[in-house]
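Everything below concerns the one structure shown next.
Nothing in this text is a laboratory measurement; each read-out follows from the coordinates by a stated rule. Since this is a predicted model, take the numbers as computed values, not measurements. Every residue, glycine as well, gets a Cβ built from its backbone with ideal geometry; the counts of neighbours run over all protein chains shown.
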Amino acid sequence: MLSLAVSIEKYELEAERNKLIESNAQNELKLVEKENDILTDLKTSNPETILDHDDLIDKLYNTKEEANRIKKDQETAREREEKIKIERNK
């Protein structure tokens, strides 16, 4: 009975760990897509009027905000992964 409970708990820990890894990968992909989008916009913008493009400035600001949120999420995920690692090794 105890071994069944332990195997279920370990499975749940492994599932949570896999979910964290998947979430981190999705967040990284989002950032890469946003960065590429911004680079494309910068490349196609007229250098003389680039500061007049409010949509580009908004996009830069929003991407910065999302990058900060993702960074916090990844720090939390790393901490949780460490706890899961410790629990798995018990």
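All other residues whose Cβ lies under 9 angstrom from that of Thr63 are scored, Lys and Arg at +1 and Asp and Glu at -1, for a net of -1.
3J(HN,Hα) along segment 14-20: 5, 5, 5, 4, 5, 5, 4 Hz, from the Karplus curve 6.51 cos²θ - 1.76 cosθ + 1.60 with θ = phi - 60°, whole Hz, x for Gly and Pro. As a rough guide to protection, the peptides 44-52, 59-67 ranked by mean Cβ packing within 10 Å, highest first, stand as 59-67, 44-52. Entry note, segment 9-90: relative contact order of 54 percent, from Cα contacts under 8 Å with a spacing of 6+ residues.
Computed about the Cα centre, the dipole magnitude for the chain is approximately 700 debye when only Lys and Arg (+1) and Asp and Glu (-1) carry charge, each at its Cβ. Along segment 62-78 the Karplus relation, 6.51 cos²θ - 1.76 cosθ + 1.60 evaluated at θ = phi - 60°, assigns HN-Hα couplings of 5, 5, 4, 4, 5, 4, 5, 5, 5, 4, 5, 4, 5, 5, 4, 5, 4 Hz to successive residues, with x for each Gly and Pro. Extension gain for Lys85 to Thr44 (0.36 nm times residue separation, less C-alpha to C-alpha distance): 10.1 nm. Each of (i) 78; (ii) 114; (iii) 134 is a candidate for volume of the Cα convex hull per residue in Å³; the one calculated from this structure is (i).
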